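The values are calculated or read from the model by the stated rules, or taken from the named source; none is laboratory data. From a predicted model like this one, the values you see are computed outputs, not experimental measurements. Note that each Cβ is placed from the backbone with ideal geometry, even for glycine, and that neighbours are counted across all protein chains shown. Each accessible area value is taken on the protein alone, full model and side chains, heavy atoms only, with ligands, DNA and RNA left out. Shrake-Rupley method; radii C 1.70, N 1.55, O 1.52, S 1.80 Å.
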Amino acid sequence: MMPWKIARAEALTDPHAARMKVLEKLQRLPELDDAEAEVVRVLLDAILMVEAYRGARHQITFLPEMTQSVDHLLRELEILDRADQLAAAG
């Protein structure tokens, strides 16, 4: 899994700043090959996570699998960022 730039503590203590970081990252979506499919996959998993945690008193066993679409999207966006950094440096 790739490192993400928003720590759990930051997301909990300053959700607005965390949202702004996410929005900044998502501005690159149009550059992905199939951005719409990526976003739909993530939205589906987000809805399932919310429903799975609604009233739950125990750990959801399939939560790690549900994060795969989010991780994939973040990886794709990170690749774009790194490609830009390499192009600027070279």
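Under 17 Å from a label point set 7 Å out along the Cα-to-Cβ vector of Asp81, the amide N atoms of the range 29-72 belong to 29-32, 70-72. The share of accessible area on the range 1-82 that comes from carbon and sulfur is 61 percent, using a 1.4 angstrom probe.
Rolling a 1.4 Å probe over the heavy atoms of the protein chains gives the range 23-90 an accessible area of 74 Å² per residue. Taking only complete DSSP H runs, can you tell me which helices of the chain stretch 30 Å or more along their own long axis by Cα positions and average at least -0.5 on the Kyte-Doolittle scale? Span-like helices, by this rule, are 68-89.
Only Cα pairs under 8 Å and 6+ residues apart enter the sum, and on that basis the relative contact order of the range 10-83 stands at 38 percent.
Loop-located trypsin sites (Lys or Arg not before Pro) in the range 27-65 (DSSP state not H, G, I, E or B) with no more than 11 neighbouring Cβ atoms inside 10 Å: Arg54, Arg57. With the convex hull drawn around the C-alpha atoms of the chain, the volume per residue stands at 120 Å³.
Leu77 sits among other residues whose Cβ lies under 13 Å from its own Cβ, and their net charge, with Lys and Arg +1 and Asp and Glu -1, is -3.
A DSSP coil position with no more than 13 other Cβ atoms inside 10 Å describes the following chymotrypsin sites (Phe, Trp or Tyr not before Pro) in the range 1-84: Phe62.
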